[in-house]
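Working notes for the structure below.
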Amino acid sequence: MAAEQHEKAYQKQLGVNVGFSASTKKKAPGKGGSRYYKNVGLGFKTPREAIEGTYIDKKCPFTGNVSIRGRILTGVVKSTKMNRTIVMRMDYLHFIRKYQ
């Protein structure tokens, strides 16, 4: 667990108690194991890295507390400077009623 801790605050997943196991045997990752993941729906399969991985990301729709909310965005990625966040450009038409 120490390899994933690269932030100032202790990184943990909601709903997973680390260090409170009664037995010493290693649990397998998954629903009954020590890792939280979910099915986001809309035809997206949960990746193996989200199920079996060790990363902790609260902005991940598979392992974090983020919902897709029924919309898939398409566009061009402009910047990836922020941590776990992107800035994207979407091209769309904006009609002005006066000139239609």
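The values are calculated or read from the model by the stated rules, or taken from the named source; none is laboratory data. None of these values were measured; they are calculated from a predicted model. Neighbour counts are summed over all protein chains in view; Cβ atoms, including those assigned to glycine, are modelled from backbone coordinates with ideal geometry. Ligands, DNA and RNA are excluded from the accessible area calculation, which covers all protein heavy atoms including side chains. Shrake-Rupley method; radii C 1.70, N 1.55, O 1.52, S 1.80 Å.
Overview of values
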| item | result |
| --- | --- |
| Selected residue [open to solvent by 80 Å² or more (accessible area, probe 1.4 Å), part of a loop (DSSP other than H, G, I, E, B) and out of contact with any strand residue (DSSP E or B) (no Cβ under 7 Å at 6 or more places or on another chain)] from 92, 55 | 92 |
| Any chance residue 25 is surrounded by 10 or more Cβ atoms within 10 Å (Cβ to Cβ), part of a loop (DSSP other than H, G, I, E, B) and modelled with pLDDT under 80 | no |
| Candidate set from segment 48-81 (those that are more than 29 Å from residue 34 (Cβ to Cβ) and hydrophobic (A, V, I, L, M, F, W, C)); member that is modelled with the lowest pLDDT | 72 |
